[in-house]
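Inspection log for the structure reproduced underneath, given as C-alpha cells.
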Amino acid sequence: MADKRTPGRTGSTPGNAAKKGRVRTGTQPGIAAAKRPPARGPAKVQASGEASGDAGARQGAADASARSRVEFSKQARPDLASVRAQIDGIDREIQSLIAERALWAHQVGKAKGKLAAAIDYYRPEREAQVLRRVVDRNDGPLTDEVLVRLFREIMSACLAQQEPLKIGYLGPEGTFSQQAVHKHFGHSARGLPLVSIEEVFDEVAAGNADFGVVPVENSGQGTIQSTLDMFLTSPLKICGEVELRVHQYLLSRTGHLEDVERVYSHGMSLAQCKNWLRQNLPDVHKEAVASNAEAVRRAKKSDDAAAIAGENAAHVYGMKVVAGPIEDRTDNTTRFLVVGRASFPPSGNDRTSLMVSIRDQPGALYKILEPLARRAISMNRIESRPAHGALWQYAFFIDVEGHVDESPLKDALAEIDDFAGDVHVLGSYPVAVP
Ligand SMILES: O=C(O)C(=O)C[C@]1(C(=O)O)C=C[C@@H](O)C=C1
C-alpha cells in the first residue's frame with residue numbers, strides 16, 4: 001500500500017538507519033506500511049498527488065476532501081466506536097509517516113556531509129518553503145496557523161535528531177520572546193534565557209548560542225530602538241523574522257482586581273494596555289521593569305501587586321489571571337528578528353534589511369533609494385537612528401523585498417552610488433510564515 005501512496009518510497013527507505021536501532025519497532029516504514037489500515041479516500045489521493053507533484057491528483061485530493069466533508073455532514077449520528085476506530089487508524093498512519101519522515105531527514109543530514117553541529121544542518125530557506133507548501137495545500141478544516149505550527153514541530157524534532165539548536169532570547173522563562181522562539185524553532189530547540197537584548201547578541205556572536213531571537217517592533221508601539229541600535233556595532237546577520245500575536249493578561253496572587261495597588265510590566269506592555277489600565281485601574285502605581293516575566297516574579301511577592309504578561313507566565317510562575325486579554329488593539333502583534341552568524345540562500349519569498357549611513361551631501365538618501373525605486377523594489381520600512389560616534393549623523397534602517405543574491409535587488413545594490421553613503425546588508429531572510 002505504501003507503494004500506491006508514494007511511488008518508489010517503499011524499498012528505498014533508509015533501511016540501514018533502522019538496522020542501527022534508531023527506529024522503534026512498529027514505526028519502521030516497512031513494518032508500519034504493512035500494518036497500515038486501508039487508506040481512506042482523501043488521505044490516499046492527497047499523499048500520492050503530493051509525491052508525484054501532479055496537479056490533477058492534488059485537485060483530486062481537494063475534491064475527495066470536500067466530498068468526505070459533505071458525507072460527514074449528512075450522517076445523522078455516527079457510531080462513536082467506529083469513528084474512534086477510524087481515528088486510531090489515521091493516528092497509526094500519521095505516526096508511521098512521521099517516523100519515516102524523520103528517517104529521511106536523517107538521510108538529508110548525511111547527504112549534507114560530515115558537519116560539526118546542529119547549526120550546520122539548519123536551513124531556514126528550506127523550512128520556509130516546506131511551510132509555504134503546507135499553507136498552499138491547506139483546504140481546511142484546520143487553519144493555516146495550526147498546520148504550520150504542527151509542521152514546524154515535526155521539522156524541529158527531525159532536526160533535533162542531529163542535536164537540538166540552542167536559541168538565546170530575552171528571558172526569563174515565560175516572556176513573549178520565549179513564545180517567539182517556540183513559534184519559529186519549535187519545542188525541540190533548546191531555549192537559552194538571557195538577561196538583556198545585548199546579551200542575546202553577545203552570546204550568539206561568541207558561539208554560545210546558535211541563534212538569537214529579539215523583538216524589533218510592535219504594531220501599536222513601533223520600533224524597539226535598543227534592538228536596532230545593536231546592529232550599529234554587531235557583526236551578526238538577520239536570518240529570519242517571526243510575527244507573534246501578543247495577548248496581555250493581568251496576573252496576581254489572589255486573582256482579585258480590588259486587591260491591586262501596584263502593576264508591574266515591561267514598558268512596552270504597559271503602553272499596549274494604556275486604555276484598559278486607565279479605565280480599570282486609574283489610580284494604582286504603574287512601574288516598568290526589565291521584562292514581563294520579571295514583573296510576574298515581583299508581583300508574586302505580595303497580594304496587592306499585579307503584573308501584565310502573557311498567559312503563559314501565569315502557568316510558569318503559578319499566578320492567577322485577574323483579567324485578559326487586556327491589550328488595547330485587537331491586532332496587537334510583535335515582530336521578532338532571528339540573528340545568527342551566517343547568511344542563507346533565497347527561499348523564493350524573502351526580505352532584506354539594510355543599514356545605510358549617509359554622507360553629508362545634497363540628495364544622498366535619494367541617490368541610494370532611486371536604484372531601488374526604479375526597479376519597483378518595495379520598501380517595507382525606513383527608520384533613522386543617530387549614528388554612533390558622529391553628532392547629527394544618522395543611520396537609516398531600510399527593509400526591502402527580495403534577496404541580495406537575486407535580481408533585481410542584487411543589481412540595485414551593485415548600482416547604488418558609493419559616494420552617497422555606505423550600505424551594509426544586515427541580512428536576507430524568508431518572509432515570516434503565519
Ligand atoms: O532539508 C533539509 O535540509 C533538512 O535538513 C530537513 C529539514 C526537514 O525536516 O524538512 C530539517 C531541518 C532543516 O532546517 C530543514 C529541513
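The values are calculated or read from the model by the stated rules, or taken from the named source; none is laboratory data. Quantities reported herein were computed from a predicted structural model and do not represent experimental measurements. So basically every Cβ, Gly included, is an ideal-geometry build from the backbone, and we count neighbours across all protein chains shown. Please note that ligands, DNA and RNA were not included when accessible areas were found on the heavy atoms of the full protein model with its side chains. Shrake-Rupley method; radii C 1.70, N 1.55, O 1.52, S 1.80 Å.
This table checks each residue for (1) more than 21 Å from ARG245 (Cα to Cα); (2) of a type in the set (Lys, Arg); (3) in contact (Cβ under 8 Å) with a residue 40 or more places away in the chain; (4) surrounded by 18 or more Cβ atoms within 10 Å (Cβ to Cβ).
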residue: ALA313; (1), (2), (3), (4): no, no, yes, yes
residue: TYR317; (1), (2), (3), (4): yes, no, yes, yes
residue: VAL322; (1), (2), (3), (4): no, no, yes, yes
residue: ILE326; (1), (2), (3), (4): no, no, yes, yes
residue: THR333; (1), (2), (3), (4): no, no, yes, no
residue: SER343; (1), (2), (3), (4): yes, no, yes, no
residue: GLY348; (1), (2), (3), (4): yes, no, yes, no
residue: MET355; (1), (2), (3), (4): yes, no, yes, yes
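List pairs: first residue in the range 257-285 and closer than 16 Å to VAL322 by Cα, second residue in a loop (DSSP other than H, G, I, E, B) and basic (Lys, Arg) anywhere in the structure, Cβ distance under 9 angstrom, at least six positions apart or on different chains.
These pairs meet every condition: ASP259/ARG253.
Check LEU228 against each of (1) of a type outside the set (S, T, N, Q); (2) open to solvent by 50 Å² or more (accessible area, probe 1.4 Å); (3) under 21 Å from VAL423 (Cβ atoms); (4) touching a strand residue (DSSP E or B) at 6+ places or on another chain (Cβ under 6 Å) and name the one condition it does not meet.
(2)
Out of all the residues in the range 220-261, which are part of a strand (DSSP E or B) and either among the hydrophobic types (A, V, I, L, M, F, W, C) or under 18 Å from GLY174 (Cβ atoms) (or both)?
Of everything in the range 220-261, those that are part of a strand (DSSP E or B) and either among the hydrophobic types (A, V, I, L, M, F, W, C) or under 18 Å from GLY174 (Cβ atoms) (or both) turn out to be ILE238, CYS239, VAL242, LEU244, ARG245, TYR249, LEU250, LEU251, SER252.
Might you let me know whether the range 403-424 holds any residue that is under 30 Å from ALA206 (Cα atoms), of a type in the set (S, T, N, Q) and surrounded by fewer than 20 Cβ atoms within 10 Å (Cβ to Cβ)?
No.
In the range 308-330, is there at least one residue being within 30 Å of GLU258 (Cβ to Cβ), among the hydroxyl-bearing types (Ser, Thr, Tyr) and outside any loop (DSSP other than H, G, I, E, B)?
Scanning the range 308-330 turns up at least one residue that is within 30 Å of GLU258 (Cβ to Cβ), among the hydroxyl-bearing types (Ser, Thr, Tyr) and outside any loop (DSSP other than H, G, I, E, B).
Quick grid of which residues meet (1) crowded, with 20+ Cβ neighbours inside 10 Å; (2) charged (D, E, K, R); (3) in contact with a Gly (Cβ under 9 Å, 6 or more places away or on another chain):
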{"site": "VAL200", "(1), (2), (3)": "yes, no, yes"}
{"site": "PHE211", "(1), (2), (3)": "yes, no, yes"}
{"site": "GLU243", "(1), (2), (3)": "no, yes, no"}
{"site": "VAL246", "(1), (2), (3)": "yes, no, yes"}
{"site": "TYR264", "(1), (2), (3)": "yes, no, no"}
{"site": "GLN279", "(1), (2), (3)": "no, no, no"}
{"site": "ALA290", "(1), (2), (3)": "no, no, no"}
{"site": "ALA299", "(1), (2), (3)": "yes, no, no"}
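What is the one condition in (1) on the phi > 0 side of the Ramachandran plot; (2) modelled with pLDDT of 95 or more that ASN208 does not satisfy?
(1)
Go through the range 118-157 and report how many residues are within 13 Å of the ligand (Cβ to nearest atom), out of contact with any strand residue (DSSP E or B) (no Cβ under 7 Å at 6 or more places or on another chain) and closer than 29 Å to GLU199 by Cα.
The number of residues fulfilling the criteria is 13.
Select the helices (runs of 4 or more DSSP H) contained entirely in the range 114-206, then report the ones holding at least 2 residues which are under 22 Å from GLY348 (Cβ atoms).
Because the criterion is at least 2 residues that are under 22 Å from GLY348 (Cβ atoms), the helices (runs of 4 or more DSSP H) in the range 114-206 that meet it are 124-137, 144-160, 176-185.
Residues of the range 192-218 being touching a His at 6+ places or on another chain (Cβ under 8 Å) and more than 28 Å from ASN380 (Cα to Cα), which ones?
none
For the range 101-113, how many residues meet the condition of being in a loop (DSSP other than H, G, I, E, B) and within 9 Å of the ligand (Cβ to nearest atom)?
Matching residues across the range 101-113 total 1.
Can you name every residue in the range 378-434 that is of a type in the set (Phe, Trp, Tyr) and touching a residue at least 12 places away in the same chain (Cβ under 8 Å)?
Within the range 378-434, TYR394, PHE396, PHE397, PHE419, TYR429 qualify.
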